[in-house]
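Working notes, structure below.
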């Protein structure tokens with residue numbers, strides 16, 4: 001696995017498609033090992049990229065566990081604590097969870113974990129939709145910098161970043177290619 005270069009220049013990929021593929025394999029293996037015995041396992045990805053990652057993890061888990069693992073997507077826009085300060089016309093996507101949540105083991109999937117506020121919003125929405133037995137968090141990138149007491153159960157890659165740096169996850173389904181880009185605030 002390629003180690004991220006903390007001194008990388010702006011818009012230079014820290015992780016390429018092979019690194020992302022390997023990180024997703026590690027996440028899927030971790031989910032299978034920790035939660036594979038649960039017959040009520042499901043994945044819920046936070047829109048815009050967490051849902052794509054959840055789909056990719058679903059495919060890997062179906063192979064690893066030899067069973068169907070349902071996946072859904074969550075739009076947290078209306079649950080954000082900064083909703084009032086967003087633009088006048090926020091883009092609100094659809095939450096699509098085509099299965100019940102009560103009593104299930106939910107793996108919440110997101111691309112980047114930073115302050116924890118997105119995860120808090122996602123948990124609020126999940127609990128409005130049902131009462132899972134357990135919710136675990138799987139993230140592709142954990143960049144530190146928590147503002148809330150939230151931690152990922154499964155992490156694809158840890159990155160050290162400054163609070164005002166920008167970490168972008170690009171995925172072929174939404175962006176045409178796979179990469180993780182770091183733009184340092186000082187660049």
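The values are calculated or read from the model by the stated rules, or taken from the named source; none is laboratory data. Keep in mind the model is a prediction, meaning the values are calculated, not measured. Using ideal geometry, Cβ is built from the backbone for each residue, glycine included, and neighbour counts are taken over all protein chains shown.
So which residues in segment 9-40 are surrounded by fewer than 21 Cβ atoms within 10 Å (Cβ to Cβ) and closer than 22 Å to residue 95 by Cβ, if there are any at all?
Matches in segment 9-40: 40 only.
Regarding residue 93, is this residue modelled with pLDDT under 95 and assigned to a loop (DSSP other than H, G, I, E, B)?
Details: modelled with pLDDT under 95: yes; assigned to a loop (DSSP other than H, G, I, E, B): yes.
Criteria met by residue 93.
Could you list, in sequence order, all residues of segment 168-187 that are free of Cβ contacts under 8 Å to residues at least 60 places away in the same chain and either touching a strand residue (DSSP E or B) at 6+ places or on another chain (Cβ under 8 Å) or closer than 14 Å to residue 14 by Cα (or both)?
Residues satisfying the conditions are 168, 170, 176, 185.
Looking at residue 69, is it modelled with pLDDT of 95 or more, buried (at least 20 other Cβ atoms within 10 Å of the Cβ) and part of a loop (DSSP other than H, G, I, E, B)? It would help to see each step written out before you state the result.
Details: modelled with pLDDT of 95 or more: yes; buried (at least 20 other Cβ atoms within 10 Å of the Cβ): yes; part of a loop (DSSP other than H, G, I, E, B): yes.
So residue 69 fits the description; yes.
All but one of (1) modelled with pLDDT under 95; (2) out of contact with any helix residue (DSSP H, G or I) (no Cβ under 8 Å at 6 or more places or on another chain) hold for residue 80; state the number of the condition that does not hold.
Of everything listed in (1) modelled with pLDDT under 95; (2) out of contact with any helix residue (DSSP H, G or I) (no Cβ under 8 Å at 6 or more places or on another chain), residue 80 misses just condition (2).
Can you tell me which condition residue 132 does not meet? The list is (1) at pLDDT 95 or above; (2) within 18 Å of the chain's Cα centre (by Cα), and all the others hold.
Tallying (1) at pLDDT 95 or above; (2) within 18 Å of the chain's Cα centre (by Cα), residue 132 fails exactly one: (2).
Can you confirm whether segment 116-136 contains a residue that is in contact (Cβ under 8 Å) with a residue 12 or more places away in the chain, touching a helix residue (DSSP H, G or I) at 6+ places or on another chain (Cβ under 8 Å), within 21 Å of residue 36 (Cα to Cα) and part of a loop (DSSP other than H, G, I, E, B)?
The answer is yes, given that some residue of segment 116-136 is in contact (Cβ under 8 Å) with a residue 12 or more places away in the chain, touching a helix residue (DSSP H, G or I) at 6+ places or on another chain (Cβ under 8 Å), within 21 Å of residue 36 (Cα to Cα) and part of a loop (DSSP other than H, G, I, E, B).
For segment 137-162, give me the residue count where each residue is in a strand (DSSP E or B) and touching a helix residue (DSSP H, G or I) at 6+ places or on another chain (Cβ under 9 Å).
Going through segment 137-162 one residue at a time, the tally reaches 9.
Please state which of the following conditions residue 159 fails to meet, knowing it meets all the rest: (1) under 24 Å from residue 78 (Cα atoms); (2) in contact with a strand residue (DSSP E or B) (Cβ under 9 Å, 6 or more places away or on another chain); (3) in contact (Cβ under 8 Å) with a residue 40 or more places away in the chain.
Only one criterion is unmet by residue 159, namely (1).
Just for segment 163-187: of the residues that are surrounded by 13 or more Cβ atoms within 10 Å (Cβ to Cβ), assigned to a loop (DSSP other than H, G, I, E, B) and at pLDDT below 95, which one is nearest to the chain's Cα centre (by Cα)?
165
With 55, 45 as the choices, which residue is at pLDDT 95 or above and part of a helix (DSSP H, G or I)?
The unique qualifying residue is 55.
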